[in-house]
Every structure is written in structure tokens, then in C-alpha cells.
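Readers should treat all values here as calculations from the given coordinates under stated rules, not as data from a laboratory. Quick caveat, the model's predicted, so the values are computed rather than measured. Note: ideal-geometry Cβ built from the backbone for every residue, glycine included; neighbour counts use all protein chains shown.
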Protein chains: 2
Amino acid sequence: MQPIQQANENEIATVIVIFAIKNKHLNILLVKRSAEPEDNKWALPGGTWTGEKKLQETATARLQLETGAKDVYLEQLFTISGLNNYNPKSIAVCYFALVNEKDVTLRAEKTWQPKWFNANQINSLAFKNKVVIEKALERIESKLQYSNVAYSLLPNEFTLRELQETYEAIIGKKFDRRNFRKSMISNNIIIQNGKFRKSGAYRPAALYKFISKVPTLF
Amino acid sequence: MQPIQQANENEIATVIVIFAIKNKHLNILLVKRSAEPEDNKWALPGGTWTGEKKLQETATARLQLETGAKDVYLEQLFTISGLNNYNPKSIAVCYFALVNEKDVTLRAEKTWQPKWFNANQINSLAFKNKVVIEKALERIESKLQYSNVAYSLLPNEFTLRELQETYEAIIGKKFDRRNFRKSMISNNIIIQNGKFRKSGAYRPAALYKFISKVPTLF
DNA sequence: CCAAAAGTGTTTGATTTACACCCATGA
DNA sequence: TCATGGGTGTAAATCAAACACTTTTGG
């Protein structure tokens with residue numbers, strides 16, 4: 001969301017695409033605007049940068065305010081002018097963040113309704129937020145392929161199937177279970193934590209954890 | 001270079017890391033500041049964004065002003081606050097550009113001296129420009145590995161050796177000539193243009209051109 | 001004993017790397 | 001004929017992709 005200022009002044013906004021996996025689908029958090037312009041439309045969360053903190057800290061603060069999530073992966077996407085039609089002197093510094101949906105408590109107020117939307121079914125949005133989402137989708141997909149950033153989408157312990165379904169939701173295709181396991185383990189992304197989870201009339205699944213929760217390429 | 005404004009106002013600057021190959025080395029264009037703060041120090045070229053054009057067009061305009069180069073590769077790097085210590089409300093949107101040194105005519109004025117510096121031997125710079133250069137070096141290196149953007153570093157026709165030396169200067173290691181040729185050709189990056197260049201007491205080299213001068217991944 | 005998900009290795013093909021000799025030219 | 005850089009192919013190794021059966025559990 002881009003707050004509005006005098007149209008003649010530079011305005012620096014941050015905008016965040018917050019991703020989480022819900023029901024095996026990639027979701028994005030949107031908030032409903034409750035002011036003109038674009039009143040009542042859904043938009044990406046964001047805020048104006050005041051210069052008091054570093055730019056990225058403004059994004060982090062907004063993320064925490066909306067989701068309560070901490071220690072998540074946050075990365076700058078790009079900066080664009082002209083996102084907000086109403087102020088030609090505004091620019092938006094866009095970020096994307098990955099959160100574990102179970103750690104999230106949405107800030108729900110009467111005038112501020114955050115809501116998760118399936119990332120592939122988002123249509124009309126305030127401003128030109130669609131552009132931002134498309135770039136974010138590209139980036140998260142390629143990032144997942146050669147880094148461990150999925151750690152911020154998953155809880156502390158998880159089964160291999162849960163991990164694989166997370167990857168599949170984002171990349172949009174199925175993987176071979178044996179190859180997936182081999183690759184995650186041989187790239188030192190995950191390791192068994194020794195526990196198992198029983199959840200039905202079948203063999204319990206070993207639980208895994210991420211070896212590192214620092215962004216790492218492989 | 002970041003122009004100075006009232007310290008209480010938002011200032012949006014663009015900064016460009018302009019790369020070219022000179023004498024088989026990767027070089028960066030710097031300009032000497034002729035105003036406070038940081039008077040007399042070398043800095044990356046840049047300018048203030050006024051909101052009249054798109055952000056990227058401001059960077060393109062600055063690039064042309066400094067080098068005269070057109071149709072070059074220009075990509076946004078990232079945006080940072082705090083690059084300019086003197087105004088806490090300033091941000092810099094940073095770009096990197098690749099130009100062919102032979103197409104360049106530097107704008108040389110008494111108060112504005114642009115100069116090429118070996119990219120790996122840049123030390124003291126105005127503001128925190130070093131950070132920007134480091135990111136740019138990372139980016140150009142990885143970009144070169146899986147895209148054709150080298151087209152903007154080279155003239156219209158070139159030998160395989162010239163191309164390889166360009167890659168070696170940037171990536172910082174030597175390649176096998178046979179494998180390099182194979183990869184460039186099988187990835188449809190370059191093709192012979194039918195001409196040859198004689199330049200000494202040895203077999204003339206075939207000249208190549210880029211198949212496409214649109215940024216393409218492979 | 002049945003249904004459901006978990007676990008596990010091997011083979012094939014594709015890609016990447018390493019490596020050495022002959023060719024064309026001008027002096 | 002010599003010195004210099006230009007041109008070329010093959011074998012080995014590594015990596016990625018395809019693929020099916022056995023195990024554990026609860027009901």
C-alpha cells in the first residue's frame with residue numbers, strides 16, 4: 001500500500017510481497033485499502049519511508065506489523081517509479097519475504113483487513129501491484145532452486161514430503177521423491193533431527209531440520 | 001555522485017557503475033567531485049531523480065551524458081539508503097551498465113573529469129561507493145555466465161580470442177579455448193560473420209558477431 | 001491382510017571438463 | 001623455416017533424470 005502525500009514531493013515507499021504456503025499452495029498477503037485513492041481495493045502491504053531507519057528496516061518493520069513473523073527471509077526485488085499513478089514523484093522499493101504461515105498472526109482491524117490469496121489467482125489490485133507480484137514470483141522460483149531460503153517457509157521440523165510439497169507449490173511441477181531427497185541431503189540443506197511423526201495407518205515419517213538458517217547458495 | 005539538497009528532504013539519486021574492457025582489464029568509470037561534500041574525491045557518476053522521467057531513463061541519460069554510448073546493457077542493481085552520509089533522507093538507486101570502450105567519448109570538462117579505473121584497484125571513493133561497486137562486480141560476473149550481455153562490451157565484430165579475453169577479465173579465470181568456443185556456439189550466442197582479420201605473422205582469425213543483441217539467458 | 005505413505009539404489013543419458021596436435025600466415 | 005596465434009575432436013568424469021519395489025504402521 002502506498003500512502004499518499006502532496007503530489008509535488010518525492011515520496012519513497014516500501015512494498016512487500018509476503019509469501020507463505022497454505023494448504024499446499026503459494027499464497028500472498030494482501031491488505032484492503034481503506035482510503036482514497038483506490039479505496040477498497042486489495043493491495044500489497046507497504047509504508048512510507050521516513051528516513052529514520054534504514055530502508056530495509058522499514059520493510060522488516062512492516063512485515064512484523066502485518067504478520068508478527070520474525071527471522072524471516074527478506075530480499076529486495078527492485079525499485080520502480082510510477083507504481084503509484086497519483087504521485088509522479090513517488091518511487092516504490094519492493095521486497096519479497098518468505099514466512100511460515102503457522103508463525104503468523106494477522107493484524108486484523110476494522111479498517112485494515114489483511115488476507116491471504118492464492119498467488120496464482122490474484123487479479124485486480126490497487127496501483128500496479130501486479131507487476132511487483134510477477135517479478136516476485138519469478139524471483140522466489142529461481143531462488144528456491146539454488147538456495148536454502150525455503151527454511152523460512154517451513155516450521156522447525158518437517159517431513160521430506162512437506163518440504164517437497166513446498167517446492168512443488170512454488171516451482172509448479174512435481175519432483176521425483178528419491179531424487180529430491182538425494183539432492184536436499186547431498187547439498188547439505190537438511191538433516192534428520194532424530195524424531196518421527198506418526199499420523200495415520202502408515203509408516204511414520206522421519207523429521208528433518210535445516211542445517212543452516214542463514215541464506216546460502218548451493 | 002550524489003548531489004546535495006536540504007538535509008530534511010527526501011532525495012532520490014541514481015548511481016551507475018559503468019563497466020568497459022580496456023587493455024584486457026575490467027574498468028569502471030569514475031568522476032571527480034568538484035563540490036562539497038567529498039570535494040575532489042572520485043565517485044560513481046549519478047544524478048538526482050526529478051520525477052520527470054522514469055527512473056531508469058534518468059540512469060540512461062546520465063550514461064549517455066558521460067560516455068556518449070547508446071544501446072548498451074543497463075540493469076538495476078539495488079537501492080540503498082545511507083549511501084550519502086550527509087543526507088539521512090537520501091536513497092540511491094544503483095545501476096550497472098556495460099559499454100564498449102571504443103564507442104565511448106568521455107565528457108571532459110574542467111570541473112568534471114571522468115576517468116577509467118581498473119575495477120580491481122579502486123580504493124578510496126566518495127560516499128560508500130565501494131559497496132556499490134562490489135555488488136556490481138558480483139552481478140556482472142554471474143550475469144556473464146548465463147546470458148549474452150557481453151554483446152555490449154564488444155564491438156560489432158570480434159575474434160573468439162577477444163571474446164574469451166573479455167570473459168576472462170570479468171570472471172577472473174582462464175578458460176580452455178576449445179571448450180569456450182564450443183559453448184558460445186552451441187548456446188547460439190555468436191556466429192561467424194564470414195570475415196577474417198589478419199594481424200600478424202600467423203593465421204587470420206575468423207570474425208564473429210552476436211546472434212542477438214537483446215538480453216537473453218541460456 | 002489391506003491401504004497408505006515412507007524409505008531406498010541403480011542405470012542411462014547429458015553435460016562438463018581435460019587435454020594435444022595441425023594450420024595459415026608474414027617475416 | 002620459424003614463430004605466432006588460429007583452429008579442431010575425443011575420452012573421462014561428473015551430474016541429472018528416470019525408474020519400482022520393500023517397509024512400517026493402524027485399522
Residues that are in a helix (DSSP H, G or I), within 11 Å of DNA strand D (Cβ to nearest atom) and under 27 Å from the mean Cα position of the chain (by Cα), drawn from the stretch B:162-182: B:E162, B:L163, B:Q164, B:E165, B:R177, B:N179, B:F180, B:R181, B:K182
Selection status of A:I12, of a type outside the set (G, A, S) and away from chain B (no Cβ under 14 Å): no
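May I ask you to verify whether B:K143 is among the charged types (D, E, K, R), away from DNA strand D (no atom under 16 Å from the Cβ), surrounded by 15 or more Cβ atoms within 10 Å (Cβ to Cβ) and within 19 Å of the chain's Cα centre (by Cα)?
Yes, satisfied.
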Subset of the stretch B:33-72 that is among the hydroxyl-bearing types (S, T, Y) and more than 14 Å from chain A (Cβ to nearest Cβ) - its residue that is surrounded by the most Cβ atoms within 10 Å (Cβ to Cβ): B:T67
Top-ranked residue of the stretch A:183-218 - restricted to ones that are within 15 Å of A:S147 (Cα to Cα) and among the hydroxyl-bearing types (S, T, Y), ranked as farthest from DNA strand D (Cβ to nearest atom): A:S212
Residues that are part of a helix (DSSP H, G or I), over 22 Å from B:K102 (Cα atoms) and of a type outside the set (K, R), drawn from the stretch B:134-160: B:E134, B:E138, B:S142, B:Q145
Qualifying residue in the stretch A:190-199 (condition: near DNA strand C (Cβ under 9 Å from one of its atoms), more than 25 Å from A:L29 (Cα to Cα) and not in a strand (DSSP E or B)): yes
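If you check A:K213 against the conditions, is it away from chain B (no Cβ under 14 Å) and either near DNA strand C (Cβ under 10 Å from one of its atoms) or assigned to a loop (DSSP other than H, G, I, E, B) (or both)?
Taking the combined requirement at face value, the residue satisfies it.
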Test for A:F117: is it under 16 Å from A:W42 (Cβ atoms) and aromatic (F, W, Y): yes
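Counting residues that are more than 25 Å from B:K24 (Cβ to Cβ), which strands (runs of 3 or more DSSP E) fully inside the stretch B:55-124 reach at least 2?
Because the criterion is at least 2 residues that are more than 25 Å from B:K24 (Cβ to Cβ), the strands (runs of 3 or more DSSP E) in the stretch B:55-124 that meet it are B:73-81, B:90-98.
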Every pair of residues 6+ apart whose Cβ atoms lie under 9 Å, when the first sits in the stretch A:10-34 and is more than 16 Å from A:K115 (Cβ to Cβ) while the second is of a type in the set (D, E, K, R) and in a strand (DSSP E or B): A:N10/B:E11
When residues of the stretch A:75-100 are limited to those that are within 25 Å of A:D39 (Cβ to Cβ) and among the aromatic types (F, W, Y), the one surrounded by the fewest Cβ atoms within 10 Å (Cβ to Cβ): A:Y86
Looking only at the stretch A:5-54, and only at residues there that are among the small types (G, A, S) and in a loop (DSSP other than H, G, I, E, B), the one that is nearest to A:N84 (Cα to Cα): A:A7
Exclusive hit being without any contact (Cβ under 8 Å) to a residue 24 or more places away in the chain, within 15 Å of DNA strand C (Cβ to nearest atom) and among the polar types (S, T, N, Q), set B:N187, B:N179: B:N179
